[in-house]
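> Take a look at this one; I'll ask things after.
The values are calculated or read from the model by the stated rules, or taken from the named source; none is laboratory data. If you're wondering where the values come from, they're calculated on a predicted model, not measured in any experiment. Note that we place each Cβ from the backbone using ideal geometry, even for glycine, and neighbour counts take in every protein chain shown. The accessibility values were calculated without ligands, DNA or RNA, using every heavy atom of the protein model including side chains. Shrake-Rupley method; radii C 1.70, N 1.55, O 1.52, S 1.80 Å.
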Amino acid sequence: MMKYELWKIFSKSRNRIAVILMLILCVVIGIMTVNRIEYVDENGNSSTGIVAARNLRSVKNQWSGYLTEEVFQKALRKNRQINASKEARSDDIQEQNKAFAKGQEISGVLDVIRVAFSDYRDYNYYAADSVTDEEAATVYDRRITTLKDWLDSGEEDYSDAEKAFLIRQYEMLDTPFYYEYFDGWSALLQYIPTYLLVLALIIGFLVSGIFSEEFQTKADAIFFSSKCGRNKAIAAKAAAGVLIITVFYFVFVLLYTAGVLMVTGADGAGCPIQLDFWRSVYHITIFQAYLFIIAGGYIGTLLASSLAMLISAYSRSTAMAMIVPFIVLCAFPFLSRIITLPGVCTLFPDQLMEIYIDLKESALFEIGGRVVTSAMIIIPLYTIVSLILYPVIYQVYKRTEVK
């Protein structure tokens, strides 16, 4: 029965077109992701794409290893030499680009110094220019002291427990950081929320007609009067929906991820997420952060698509069902601009597609004396909601009256 339901879904030209559109968008967003990586050659000419990623990977990996005090000092000395060069002091943009090209190999190391010596919510590109060799030993300590100073400033309204949680997470982070070229992963993490949102909307479109189709084709009387029409046939429809959601989601995520990393390089998967998200409270690697984002995206897709199937079963309208994923995943962000409760807004289902933001700087909640991030709430919460929806869909469709 499930095979028959799958055949009915993909026998429709609109659904085949949706799959082709997703393939095209996979390529387009993949190209945009790759082109985020820029390389400047010794002549000051910039480039993006495959060659740029390969060249940048080569120069940055010259500094791969643990970022110790000695490494920071070495990078600062090289930075001072570059700043003192005639190219850097020139008023000509092309000459300045030549100086920038010389500093690309240390740019990742300097970024760590820059964020360490910037204000908590600021990024001062020139901060490393005034850091001394002696101060290089305080990079990791400054991450903690800058947080404490910011918490003491009163700019954010955190409870004592939340403040203690943030400080504890910062202090427990293992240092020194392991560093290598991770620009491919950085570009991927930046663009994948957009990609997952588009993927979720298209998957919702594919499954929106599973339950309403029998009414549109006037086959409902035959369907519900058949021997298995109100039990196994309904279960087959639900199973077909889950299968499409799961297979399409992970296949297209894999296609996008593999395409981007094959071009940009998969180096840096084992680096701490703080190299990319300095203020993150999570003690995870970049690859683990990627898996976290993918998990959130899957739950968001499952939730939106399951709601679409529920509306399809209840309203008997494919058009109404198609709107549901858009409302759940796209309309809620606009609602969050109206509602002046930022804590509540971070628990909206659209945030499942934005785990990237939670990784950068988490919204905190205190539950039963324990402080947790918003992602730690919404992922299990909406997983449970999504699973509950299927018995509801089954019962709603089973009780349908044939007119």
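> Which residue pairs have Cβ atoms closer than 7 Å, lie 6 or more positions apart in sequence or on different chains, and pair a first residue in the range 51-64 that is β-branched (Val, Ile, Thr) with a second residue that is in a helix (DSSP H, G or I)?
Listed pairs, sorted by first residue: Val59/Gln104; Val59/Glu105.
> When the residues of the range 65-97 are filtered to those that are in a helix (DSSP H, G or I) and touching a strand residue (DSSP E or B) at 6+ places or on another chain (Cβ under 8 Å), which remaining residue is modelled with the lowest pLDDT?
Top of the filtered list is Asn97.
> While we're on this one: Any idea which of (1) open to solvent by 10 Å² or more (accessible area, probe 1.4 Å); (2) out of contact with any strand residue (DSSP E or B) (no Cβ under 9 Å at 6 or more places or on another chain); (3) within 26 Å of Arg54 (Cα to Cα) is the one Ala269 doesn't satisfy?
(2)
> Mind listing whichever residues of the range 66-79 are in contact (Cβ under 8 Å) with a residue 12 or more places away in the chain and open to solvent by 20 Å² or more (accessible area, probe 1.4 Å)? Step through it out loud before you land on a result.
The initial filter retains those residues of the range 66-79 that are in contact (Cβ under 8 Å) with a residue 12 or more places away in the chain, namely 66-69, 71-73, 75-79.
If the condition is that a residue be in contact (Cβ under 8 Å) with a residue 12 or more places away in the chain and open to solvent by 20 Å² or more (accessible area, probe 1.4 Å), then Tyr66, Thr68, Glu69, Val71, Gln73, Arg77, Lys78 are the ones that fit.
> Just to be sure I understand the filter: pairs with C-beta atoms under 9 Å, separated by 6 or more residues or on different chains, first member in the range 241-253 and on the phi < 0 side of the Ramachandran plot and touching a residue at least 12 places away in the same chain (Cβ under 8 Å), second member outside any helix (DSSP H, G or I) and open to solvent by less than 40 Å² (accessible area, probe 1.4 Å). Which pairs pass?
Taking only residues 6 or more apart or on different chains, the pairs are Gly241/Ile210; Gly241/Phe211; Ile244/Ile210.
> Quick one: in the range 155-172, of everything that is touching a helix residue (DSSP H, G or I) at 6+ places or on another chain (Cβ under 7 Å) and either farther than 14 Å from Arg370 by Cα or touching a residue at least 60 places away in the same chain (Cβ under 8 Å) (or both), which residue is most open to solvent (accessible area, probe 1.4 Å)?
Glu171
> Looking at Ser47, Ser58 in this structure, which one is outside any helix (DSSP H, G or I), closer than 30 Å to Gly259 by Cα, polar (S, T, N, Q) and open to solvent by 40 Å² or more (accessible area, probe 1.4 Å)?
Exactly one of Ser47, Ser58 is outside any helix (DSSP H, G or I), closer than 30 Å to Gly259 by Cα, polar (S, T, N, Q) and open to solvent by 40 Å² or more (accessible area, probe 1.4 Å), namely Ser47.
> Is it the case that Gln288 is among the polar types (S, T, N, Q), assigned to a helix (DSSP H, G or I) and surrounded by fewer than 19 Cβ atoms within 10 Å (Cβ to Cβ)?
So Gln288 fits the description; yes.
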